[in-house]
Amino acid sequence: MECRTVLEHSKALRGKEYSSLELTQAMLERAQSCASLNAYITLSPEVALKQASTADKLIGKGKAGPLTGIPLVHKDLFCTKDVRTTCGSRILDNFISPYNATLVEKLQQAGMVMLGKANMDEFAMGSSTENSYYGPTRNPWDHERVPGGSSGGSAAAVAARLAPVATGTDTGGSIRQPAALCGLSGIKPSYGRVSRYGMVAFASSLDQGGVMALTSEDCAYVLQAISGFDEKDSTSVNQAVPDYIHSLSEPISGKIIGLPREFFADGVDKPVSQAIRESISVLEQLGARIVDIELPNSAAAIPCYYVLAPAEASSNLARFDGVRYGHRASEYSDIVDMYESTRSEGFGPEVKRRLLIGAYVLSIGYFEAYYVKAQKLRRLIADDFSKAFEQCDVIVGPTTPTTAFPIGQKTDDPVQMYLNDIFTNSANLAGLPAMSIPSGFDNQGLPIGLHLIGKYLDEATILNIAHQYQLHTDWHQRIPEGYA
Amino acid sequence: MSLNPDQIQQLARLVRLKFTENEADDFSGQLNDIIRMVEQMNQVDTDPIQPMSHPQDMKLRMRADTVTETDQHEKLQSGAPASDSGLYLVPRVVE
């Protein structure tokens with residue numbers, strides 16, 4: 001029962017095969033027996049059981065929607081008023097939000113059951129979930145390896161079938177990279193599609209909430225529920241949300257898939273590039289047309305991102321001052337010392353690095369050379385995509401250059417860690433929707449992700465192509481050993 | 001451009017962090033690696049390009065100037081490390 005998809009549970013719940021309460025209890029027990037993965041920061045059994053019985057009543061009355069009674073995990077940076085929201089940080093260890101994030105509220109309205117809050121890199125800064133105050137999360141495919149990050153707890157939870165679906169956020173690849181490393185389907189929608197209200201801010205012009213699940217079809221159902229205009233988010237897009245579910249079943253013959261030469265260059269591990277090429281042949285067999293495209297400024301995406309994201313972060317994280325909420329140091333001499341002690345105790349090393357970089361690139365004398373330069377590159381990168389999309393409907397490549405790496409391997413070398421985002425962060429810079437789906441395994445049995453980037457606000461096409469691919473492949477049905 | 005431990009301490013003050021000498025040494029090594037990587041930006045000529053600050057070409061939405069929030073100060077203050085009579089308490093700043 002635990003290994004089913006969202007839609008399989010949905011059918012079983014409405015067919016009275018089991019109740020939401022039974023399913024929720026089983027998932028909570030499973031979470032406890034898999035505690036060594038460290039996928040959760042907080043389990044919330046009381047909330048979950050209450051929401052499950054409410055869902056069962058609705059199902060009994062025949063008033064259930066497709067998501068009613070389905071358990072899920074929220075990344076621990078979505079504010080939840082019933083359960084603490086830590087962001088993986090000591091500074092928010094005791095923080096209980098006075099309100100729910102819009103995404104949380106919408107999924108609650110849809111009848112979903114919150115099992116708890118997933119582990120993550122502190123303030124979503126990282127690509128391995130090793131930068132959490134609550135310790136690293138382990139990859140269910142190999143416990144000695146990272147699940148990716150920053151939404152690594154969400155990814156590990158779904159891969160280990162502790163929940164059929166989880167929410168995540170993606171500022172530079174934080175949904176897609178862990179989805180790739182854990183063998184999941186994960187979608188980062190277009191910037192503005194999903195409300196950021198109640199999502200703790202890291203880099204506000206890049207952050208976007210999304211979904212990680214076992215199938216693209218499940219992603220479509222949950223994305224449908226969380227998308228749409230929200231007046232509480234000043235950057236929310238006020239445009240109708242297409243019917244993602246309806247368009248899943250469209251044939252993909254005639255769709256034009258662009259392959260950027262730059263995404264198949266040196267530096268991509270052989271098993272990864274091989275699996276991606278095989279996936280592309282599958283899409284070709286399904287009738288898609290493949291064209292070569294260019295994204296000439298791709299190499300600038302990482303440097304550009306690692307100026308802009310820290311700059312925005314250094315400003316956003318100024319709010320953690322030990323005055324209004326969160327941790328405050330116990331000893332200090334005056335108010336400045338109180339701020340400095342509180343923040344030095346409260347933040348981990350990666351957050352500190354990014355705050356320093358952010359302050360540096362924004363300071364007088366360096367602002368033009370770094371920050372403005374990066375903003376100009378951002379324009380070039382976005383323009384490259386606009387030109388490429390004149391020739392194709394979707395851009396495809398590897399999500400990551402390698403499969404999951406060992407825990408501890410890159411923790412002392414931030415630049416190596418940053419290079420994990422080499423294929424993912426340009427979609428954030430340009431605000432485009434993008435997803436990762438399972439597309440094979442390397443010779444160590446570790447999952448490989450296929451990356452699909454769509455036109456702005458065209459989540460429907462990438463979901464459609466991903467779903468059709470999954471109807472003709474079974475990579476997404478593999479379960480890590482010991483979790484079946 | 002590279003940063004020495006003194007400059008790290010100066011940046012730390014800007015973002016309200018404090019480091020021991022050892023910490024400043026460690027951070028300066030890592031930050032210099034990051035800055036070297038970031039300086040690859042200079043390989044691209046961006047002279048005539050307009051900076052892009054945001055993925056959307058949009059104006060900020062305006063709303064009617066009406067009261068939409070209710071007074072929730074007790075609830076909002078309940079998580080504060082120190083508060084009294086509706087005020088946040090901080091160390092004395094004015095003698």
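Summary of computed values
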{"read-out": "Boolean, A:Ser315 is open to solvent by 30 Å² or more (accessible area, probe 1.4 Å) and not basic (Lys, Arg)", "value": "yes"}
{"read-out": "Selected residue (only one of A:Tyr306, A:Tyr325, A:Tyr339 is open to solvent by less than 10 Å² (accessible area, probe 1.4 Å), facing chain B (nearest Cβ under 8 Å) and among the aromatic types (Phe, Trp, Tyr))", "value": "A:Tyr306"}
{"read-out": "Subset tally (residues that are more than 9 Å from chain B (Cβ to nearest Cβ) and either at positive phi or within 21 Å of the chain's Cα centre (by Cα) (or both)) for segment A:287-303", "value": "2"}
{"read-out": "Segment A:225-258, subset open to solvent by 20 Å² or more (accessible area, probe 1.4 Å) and hydrophobic (A, V, I, L, M, F, W, C), residue nearest to A:Gly397 (Cα to Cα)", "value": "A:Ile256"}
{"read-out": "Condition met for A:Gly192 (within 14 Å of chain B (Cβ to nearest Cβ) and on the phi > 0 side of the Ramachandran plot)", "value": "yes"}
{"read-out": "Criterion (among the aliphatic types (A, V, I, L, M) and touching a helix residue (DSSP H, G or I) at 6+ places or on another chain (Cβ under 7 Å)) met by exactly one of A:Leu58, A:Leu49", "value": "A:Leu49"}
{"read-out": "Set A:Gly65, A:Gly69, A:Gly15, A:Gly60: member being open to solvent by less than 10 Å² (accessible area, probe 1.4 Å) and more than 14 Å from every other protein chain (Cβ to nearest Cβ)", "value": "A:Gly69"}
{"read-out": "Index of the failed condition, A:Ser281 passing every other in (1) within 28 Å of the chain's Cα centre (by Cα); (2) over 22 Å from A:Pro414 (Cα atoms); (3) at the interface with chain B (Cβ under 8 Å from one of its Cβ atoms)", "value": "(3)"}
{"read-out": "Matching option when the condition is under 30 Å from A:Asn100 (Cα atoms), facing chain A (nearest Cβ under 8 Å), over 25 Å from the mean Cα position of the chain (by Cα) and not charged (D, E, K, R), among B:Gln56, B:Gln72", "value": "B:Gln72"}
{"read-out": "All positions within segment A:292-303 that are outside any loop (DSSP other than H, G, I, E, B) and open to solvent by less than 30 Å² (accessible area, probe 1.4 Å)", "value": "A:Ile293, A:Ser298, A:Ala300, A:Ala301, A:Ile302, A:Pro303"}
{"read-out": "Residue among A:Val222, A:Val268, A:Val200 that alone is of a type outside the set (Lys, Arg) and surrounded by fewer than 24 Cβ atoms within 10 Å (Cβ to Cβ)", "value": "A:Val268"}
{"read-out": "Helices (runs of 4 or more DSSP H) within segment A:383-484 that include 2 or more residues surrounded by fewer than 23 Cβ atoms within 10 Å (Cβ to Cβ)", "value": "A:414-418, A:459-471"}
{"read-out": "Test for A:Val165: is it open to solvent by less than 10 Å² (accessible area, probe 1.4 Å) and within 18 Å of A:Asp207 (Cβ to Cβ)", "value": "no"}
{"read-out": "Some residue of segment A:310-322 being within 8 Å of chain B (Cβ to nearest Cβ) and among the aromatic types (Phe, Trp, Tyr)", "value": "no"}
{"read-out": "Candidate set from segment A:1-55 (those that are closer than 16 Å to A:Ala157 by Cβ and charged (D, E, K, R)); member that is modelled with the lowest pLDDT", "value": "A:Glu2"}
{"read-out": "Subset of segment A:115-137 [surrounded by fewer than 24 Cβ atoms within 10 Å (Cβ to Cβ) and closer than 22 Å to A:Pro71 by Cβ]", "value": "A:Tyr134"}
{"read-out": "Test: A:Arg378 is in contact with a Lys or Arg (Cβ under 7 Å, 6 or more places away or on another chain), crowded, with 22+ Cβ neighbours inside 10 Å and within 8 Å of another protein chain (Cβ to nearest Cβ)", "value": "no"}
{"read-out": "Odd one out for A:Ala275 among (1) over 21 Å from A:Gly192 (Cβ atoms); (2) at pLDDT 95 or above; (3) touching a His at 6+ places or on another chain (Cβ under 9 Å); (4) surrounded by 22 or more Cβ atoms within 10 Å (Cβ to Cβ)", "value": "(3)"}
{"read-out": "Test: residue in segment A:348-358 that is part of a helix (DSSP H, G or I), out of contact with any His (no Cβ under 8 Å at 6 or more places or on another chain) and either of a type in the set (Ser, Thr, Tyr) or over 17 Å from A:Phe202 (Cα atoms) (or both)", "value": "no"}
{"read-out": "Residue within segment A:316-335 that is farther than 17 Å from A:Phe95 by Cβ, in contact (Cβ under 8 Å) with a residue 12 or more places away in the chain and out of contact with any His (no Cβ under 7 Å at 6 or more places or on another chain) present", "value": "no"}
{"read-out": "Among residues of segment A:394-419, those that are closer than 15 Å to A:Asn131 by Cα and of a type in the set (Gly, Ala, Ser), counted", "value": "1"}
{"read-out": "Members of segment A:343-369 found to be more than 7 Å from every other protein chain (Cβ to nearest Cβ), under 23 Å from B:Pro55 (Cα atoms) and crowded, with 21+ Cβ neighbours inside 10 Å, listed by number", "value": "A:Arg354, A:Gly358, A:Val361"}
{"read-out": "Any pair with Cβ under 6 angstrom, 6 or more apart, that starts in segment A:48-68 at a residue that is assigned to a helix (DSSP H, G or I) and ends at one that is open to solvent by 60 Å² or more (accessible area, probe 1.4 Å)", "value": "none"}
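The values are calculated or read from the model by the stated rules, or taken from the named source; none is laboratory data. Only a predicted model underlies this, so the values are computations on that prediction, with no experimental measurement involved. Counting neighbours? That spans all protein chains shown, and the Cβs are built from the backbone with ideal geometry, glycine included. Note: areas computed on protein heavy atoms with side chains; ligands, DNA, RNA excluded. Shrake-Rupley method; radii C 1.70, N 1.55, O 1.52, S 1.80 Å.
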